[in-house]
């Protein structure tokens, strides 16, 4: 499958045949089942993750070969039009996924594990992976190819950014047992390691360093490596003073995330996900 997708992606035909469509349907079934992923754990990599470039090519290929069709449930009251290759993902009771009524949408070609709770309105895009027992709260986004682990809480209005292009770029990754607080944003291939906690309003991206007050270090992305938030780090929104020029004279500070502690029993008690919700 990999060789066929890469060849079709790199050597674009004048038109797509039924055989090409069937290739994408088979590819999408693997995505839906979580058997292939845009990125996967890899102990030999420094970050612990490896990008599967061919999978991202396959997703883009499906969008490229798709034609716009009417997907409206009620075309007069609420019309929807999208590529026929990526409709809404189908679920059944046997899926074990709880989708609370109220306007959520999950695109086909994404993996959503058993026990996931989807609070309305939320959105999971094509190529995303959401592990078992995770809650995606109201107005939250899990973007294209984002990888979210087991037993996470993606709190209300948080954005897990999509990174589908360039195809070699690391998607956003949130490992197991992470709490992403309300109104957070994780972008540009950031990796949040297991059991980390992001306080309300924390923004993570390649451009903003993260100051670790506990370990007296600064975490930054490089040209070769993404920003990586360490395991069990508790990150909050902070600021640092401008120390030169007009900014200093005007008393201006610039936003920066700050690691204020690492998880302990007190943290665990505050953020424990209640079994009653499940």
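Let's see how each residue does on (1) more than 17 Å from residue 170 (Cα to Cα); (2) modelled with pLDDT of 95 or more:
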{"position": "11", "(1), (2)": "yes, no"}
{"position": "15", "(1), (2)": "yes, no"}
{"position": "23", "(1), (2)": "yes, yes"}
{"position": "30", "(1), (2)": "yes, yes"}
{"position": "39", "(1), (2)": "no, yes"}
{"position": "76", "(1), (2)": "yes, no"}
{"position": "79", "(1), (2)": "yes, no"}
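With the structure loaded, tell me whether residue 106 is in a strand (DSSP E or B), closer than 19 Å to residue 36 by Cα and within 20 Å of the chain's Cα centre (by Cα) or whether it fails that test.
yes
Output the residues belonging to segment 83-118 that are farther than 17 Å from residue 132 by Cβ and either buried (at least 18 other Cβ atoms within 10 Å of the Cβ) or touching a strand residue (DSSP E or B) at 6+ places or on another chain (Cβ under 7 Å) (or both).
Listed by number, the residues that qualify are 83, 84, 85, 86, 88, 100, 104, 105, 107, 108, 109.
Could you grab me the full set of residues in segment 227-249 that are at pLDDT below 95 and outside any strand (DSSP E or B)?
Listed by number, the residues that qualify are 242, 243, 244, 245, 246, 247, 248, 249.
Taking segment 120-132, which residues are surrounded by fewer than 24 Cβ atoms within 10 Å (Cβ to Cβ) and touching a strand residue (DSSP E or B) at 6+ places or on another chain (Cβ under 7 Å)?
123, 125, 131, listed by residue number.
Only residues that are more than 23 Å from residue 162 (Cβ to Cβ) and out of contact with any helix residue (DSSP H, G or I) (no Cβ under 8 Å at 6 or more places or on another chain): list them for segment 13-46, please.
Once the filter is applied, which keeps residues that are more than 23 Å from residue 162 (Cβ to Cβ) and out of contact with any helix residue (DSSP H, G or I) (no Cβ under 8 Å at 6 or more places or on another chain), segment 13-46 yields 14, 15, 17, 18, 19, 22, 26, 43, 44, 46.
When you scan segment 185-199, do you find a residue that is assigned to a strand (DSSP E or B) and surrounded by fewer than 21 Cβ atoms within 10 Å (Cβ to Cβ), even just one?
yes
How about segment 137-160: which of its residues are under 21 Å from residue 42 (Cβ atoms) and either surrounded by fewer than 24 Cβ atoms within 10 Å (Cβ to Cβ) or touching a helix residue (DSSP H, G or I) at 6+ places or on another chain (Cβ under 9 Å) (or both)?
144, 145, 149, 150
Considering only segment 15-33, I want to know if a residue exists there that is part of a loop (DSSP other than H, G, I, E, B), in contact (Cβ under 8 Å) with a residue 60 or more places away in the chain and loosely packed, with under 15 Cβ neighbours inside 10 Å.
For segment 15-33, residues part of a loop (DSSP other than H, G, I, E, B), in contact (Cβ under 8 Å) with a residue 60 or more places away in the chain and loosely packed, with under 15 Cβ neighbours inside 10 Å: absent.
Looking only at segment 168-184, count every residue that is free of Cβ contacts under 8 Å to residues at least 60 places away in the same chain, touching a strand residue (DSSP E or B) at 6+ places or on another chain (Cβ under 6 Å) and assigned to a loop (DSSP other than H, G, I, E, B) and tell me the total.
Summing the residues that are free of Cβ contacts under 8 Å to residues at least 60 places away in the same chain, touching a strand residue (DSSP E or B) at 6+ places or on another chain (Cβ under 6 Å) and assigned to a loop (DSSP other than H, G, I, E, B) in segment 168-184 gives 4.
For segment 47-77, which residues satisfy the criterion of being touching a residue at least 60 places away in the same chain (Cβ under 8 Å) and touching a helix residue (DSSP H, G or I) at 6+ places or on another chain (Cβ under 9 Å)?
53, 55, 57, 59, 60, 62
The values are calculated or read from the model by the stated rules, or taken from the named source; none is laboratory data. Keep in mind it's a predicted model, so treat the numbers as computed, not measured. Backbone-built Cβ (ideal geometry, glycine too); neighbour counts: all protein chains shown.
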